[in-house]
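Accompanying notes for the structure given below.
The values are calculated or read from the model by the stated rules, or taken from the named source; none is laboratory data. The model shown is predicted, which means the values in this text are computed figures rather than measured ones. We place every Cβ from the backbone using ideal geometry, glycine too, and count neighbours over all the protein chains shown. These area figures cover heavy atoms from the full protein model, side chains too; ligands, DNA and RNA do not enter into them. Shrake-Rupley method; radii C 1.70, N 1.55, O 1.52, S 1.80 Å.
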Amino acid sequence: MSTKAAPYPEHLVAAGVGAAFETVLDVADLPPGSMRRVTRGDLDILVAHTPDGVVAVDDRCPHMSAPLSIGTLDGCVVACPLHEGTFDLASGNPVQMPTTGGLDPDGRYHPTWSTAGREPKVDPPGLKAEARRLTRVRRFRYYPVRIVDGRIEIALPEAPDAP
């Protein structure tokens, strides 16, 4: 199997990404079906080797920013370890909304839910319930990836100039 960069939705590419690519991993360090966190400054990136190729997104759940790199990867779908939401790395869309419910990327409301075998979630009225109801799951922000001489390179945003 040859390693390649996965295609990504062009409209979801990270804004302000410079043309400079940076080596982040050797391909040998990211076998098919695995994912790793790469940190550059205050930027945490999830690098995943999916059946579609290698993809790089923010290592933050698009729901409440939990690190996806400690979740699970099944094909192109990554699962958040915090609220059981699952997200498609190929499209950037949620596959299953988190248990807390809320708004999907298109603004449609999804109620809270409980996993099979657990007691139904009680969502008492109040500010916390209102905050959950208005929390929007975002789509991923992608970073362009290329594979050069057995190394995974990612185009990263330029660091802002220091004041």
Unit Cα scatterers, Debye sum, segment 21-91: log10 I(q)/I(0) for q = 0.14, 0.18, 0.27 Å⁻¹: -0.38, -0.63, -1.32
Other-chain or far-sequence residues with amide H under 5 Å of Leu89's (modelled H): Val77, Val78
Rounded to one decimal in nm, the spacing of the 7 Å Cα→Cβ label points at Glu130 and Val27 is 5.4 nm
Looking at Gly126, Gly85, Gly53, which one has the Cα that reaches farthest to the positive end of the dipole of the chain (charges on Cβ: Lys, Arg +1; Asp, Glu -1)? Gly126
Going 7 Å from the Cα of Arg108 toward and past its Cβ, which residues in segment 78-102 have a backbone nitrogen under 16 Å from where you end up? 86-88, 92-98, 101-102
The chain, Kirkwood Rh and Cα Rg, ratio Rg/Rh at 1.02
Hey, what do the phi angles of segment 41-48 turn into as Karplus ³J(HN,Hα) couplings, whole Hz, using 6.51/-1.76/1.60 and θ = phi - 60°, x for Gly and Pro? x, 9, 9, 9, 10, 8, 10, 10
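Carbon-plus-sulfur fraction of the accessible area of segment 110-163, 1.4 Å probe, in percent? Could you put the intermediate results ahead of the total?
Numbers: 2140 of 3940 Å².
Looking at segment 110-163 in its full context, I get 54 percent from C and S.
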Dipole of the chain, positive direction: furthest Cα of His110, Val95, Met64, with charges on the beta-carbon: His110
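Whole number in Å², please: accessible area per residue of the chain, 1.4 Å probe, ligands, DNA and RNA not counted.
Values: 8990 Å² over 163 residues.
Heavy-atom accessible area per residue stands at 55 Å².
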Out of Val55, Val78, Val122, a Gaussian network model of the chain with alpha-carbon springs under 10 Å gives the largest mean-square fluctuation to Val122
Whole-Hz Karplus ³J(HN,Hα) for segment 117-126, in order, using 6.51 cos²θ - 1.76 cosθ + 1.60 and θ = phi - 60°, x for Gly and Pro? x, 10, 4, x, 5, 9, 10, x, x, x
Could you check the simple spin-label distance between Arg146 and Arg36, using points 7 Å along Cα→Cβ, in nm with one decimal? 2.0 nm
Where does each of Leu127, Leu30 land when they are ordered by accessible area, with a 1.4 Å probe and the largest first? Leu127, Leu30
Rounded Å value of the spacing that divides the Cα centres of segment 123-162 and segment 26-75: 11 Å
Roughly what would the spin-label model give for Val122 and Gln96, points 7 Å off Cα along C-beta, in nm? 2.5 nm
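Assigning unit charges at the beta carbon (Lys, Arg +1; Asp, Glu -1) and nothing else, what dipole magnitude in debye, to the nearest 20, does the chain show about its Cα centre? Write out the running numbers ahead of the final one.
Working: 17 positive and 21 negative charges, 101 e Å.
Charge dipole of the chain: 480 debye, to the nearest 20.
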